[in-house]
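Shown next, in structure tokens, is the structure this report addresses.
The values are calculated or read from the model by the stated rules, or taken from the named source; none is laboratory data. Everything numeric here is computed off the predicted structure, so don't read it as measured data. Cβ placement follows ideal geometry from the backbone for every residue including glycine, while neighbour counts extend to all protein chains displayed.
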Amino acid sequence: MHPVNKRKRITSWHVIGAQLSHFRKAARLTQPALAEAVGLHEDTIGSIEQGRRALKIDLAETLDELLDTKGALAVAVSNVPEREKLPAFVQDLLEHEDEALTLLSYQNSVVPGLLQTEAYGRALFSCLYPPIGAELAEERLSARLNRQKVFEREPTPPMMNFVLEEVMLHRPVGGPEVMREQIRYLRRCAELPFLGLQIMPTERTHAGLAGPMIVLETPEHDHVAYIETQRVSFLVDDPDEVSVYQQKYGMLRSQALTPDESMGLLDDLLGES
């Protein structure tokens, strides 16, 4: 594998952390003293100041009051872009996703974020283990749904194709009604002129058994692949490696149901055939 070489990303959290460090020093407080004043461990304050940990709005408001910063931290947190509320590895994908000319996605477990309904996405976040707090889950859900604005991109959205394993249509994420709404939404997406949707029948063996992948074409007509597994993900830009993923995806498309057959399967699941 040849992951993309990453430069250090300067995010809003780094800027906010630097602000907090400046305000703390101006107030003549050490990190341990500030941590004690707000009931946190000093390592937490250190992580926030270094931009490695997001500053929550309620803590920002407490720090503003304590440091007499007239709401500066709370305002900064309120204006963090939705993208930066996602984990760093997802931000790598989104940088390419926003500008992609083409996007090819194979997923084998759950409906991909670009095609999720709000209720389905919320149910998925409730399944995370270790669990995350409700506030963080809502932030990430909002950011995930915001990604779907790429469908409205002007002058044209990317050309997309999704190959989805049939099993995810039968996994009752959120319960029967949530799944029915999700399947109905997939059926509507399948009608979009720039989007191809193909279902891979569960009984078929195929070229993608090693796991999910996304292949994107950039505005410069370069290609990158995004590979994600349990808590590990990376971008690949080595042409030889990306070519392998493109070959795999081409074979997957030939092995899956056609778009028309896939829409027929969705209709059957909805009882609308």
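Looking at D238, D222, can you tell me which residue is out of contact with any His (no Cβ under 7 Å at 6 or more places or on another chain) and of a type in the set (D, E)? Spell out how you get there, then give the answer.
Details: D238 fails: out of contact with any His (no Cβ under 7 Å at 6 or more places or on another chain).
The unique qualifying residue is D222.
Just to check your reading of the model, which residue among E65, E97 is within 30 Å of R153 (Cα to Cα) and either among the charged types (D, E, K, R) or in contact with a strand residue (DSSP E or B) (Cβ under 6 Å, 6 or more places away or on another chain) (or both)? It would help to see each step written out before you state the result.
Values: E65 fails: within 30 Å of R153 (Cα to Cα).
Exactly one residue qualifies, and that residue is E97.
Among what's in the stretch 49-75 and is β-branched (V, I, T) and out of contact with any Ser or Thr (no Cβ under 9 Å at 6 or more places or on another chain), pick the residue that is surrounded by the fewest Cβ atoms within 10 Å (Cβ to Cβ). Steps first, please.
Residues of the stretch 49-75 that are β-branched (V, I, T), as a first pass: 57, 62, 69, 75.
Narrowing the set further to residues that are out of contact with any Ser or Thr (no Cβ under 9 Å at 6 or more places or on another chain) leaves 62, 69, 75.
On the way: T62: 17, T69: 21, V75: 12.
That would be V75.
Examine the stretch 108-130 for a residue that is in a loop (DSSP other than H, G, I, E, B) and in contact with a Gly (Cβ under 8 Å, 6 or more places away or on another chain), and state whether such a residue exists.
Looking through the stretch 108-130, at least one residue is in a loop (DSSP other than H, G, I, E, B) and in contact with a Gly (Cβ under 8 Å, 6 or more places away or on another chain).
Go through the stretch 227-264 and give me each residue that's under 15 Å from N108 (Cβ atoms) and without any contact (Cβ under 8 Å) to a residue 12 or more places away in the chain.
Result: Q230, single match.
How many residues does the stretch 212-254 hold that are part of a loop (DSSP other than H, G, I, E, B) and either among the hydrophobic types (A, V, I, L, M, F, W, C) or more than 12 Å from V163 (Cα to Cα) (or both)?
Selection size over the stretch 212-254: 9.
Name every residue in the stretch 255-273 that is surrounded by 13 or more Cβ atoms within 10 Å (Cβ to Cβ) and not in a helix (DSSP H, G or I), in order of residue number.
Listed by number, the residues that qualify are A256, L257, T258.
Need the failing condition index for F162 against (1) in a helix (DSSP H, G or I); (2) without any contact (Cβ under 8 Å) to a residue 60 or more places away in the chain, just the number.
Among (1) in a helix (DSSP H, G or I); (2) without any contact (Cβ under 8 Å) to a residue 60 or more places away in the chain, F162 violates only (1).
So that you can scan it fast, the table gives a plain yes or no per residue for (1) under 24 Å from the mean Cα position of the chain (by Cα); (2) modelled with pLDDT of 95 or more:
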| residue | (1), (2) |
| --- | --- |
| R9 | yes, no |
| G17 | yes, no |
| E42 | no, no |
| G51 | yes, no |
| I57 | yes, no |
| L63 | no, yes |
| E82 | yes, no |
| D92 | yes, no |
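When D222 is evaluated against the numbered criteria (1) closer than 30 Å to R122 by Cβ; (2) surrounded by fewer than 20 Cβ atoms within 10 Å (Cβ to Cβ); (3) free of Cβ contacts under 8 Å to residues at least 60 places away in the same chain, which criterion, by number, is the only one it fails?
Going through (1) closer than 30 Å to R122 by Cβ; (2) surrounded by fewer than 20 Cβ atoms within 10 Å (Cβ to Cβ); (3) free of Cβ contacts under 8 Å to residues at least 60 places away in the same chain one by one, D222 breaks only (1).
When you go through L141, L169, L145 one by one, which is the residue that is touching a helix residue (DSSP H, G or I) at 6+ places or on another chain (Cβ under 8 Å) and at pLDDT 95 or above? Outline the logic, then answer.
Working: L141 fails: at pLDDT 95 or above; L145 fails: at pLDDT 95 or above.
Only one candidate qualifies: L169.
Give just the number: which of (1) surrounded by fewer than 19 Cβ atoms within 10 Å (Cβ to Cβ); (2) not in a loop (DSSP other than H, G, I, E, B) does T205 not satisfy?
(2)
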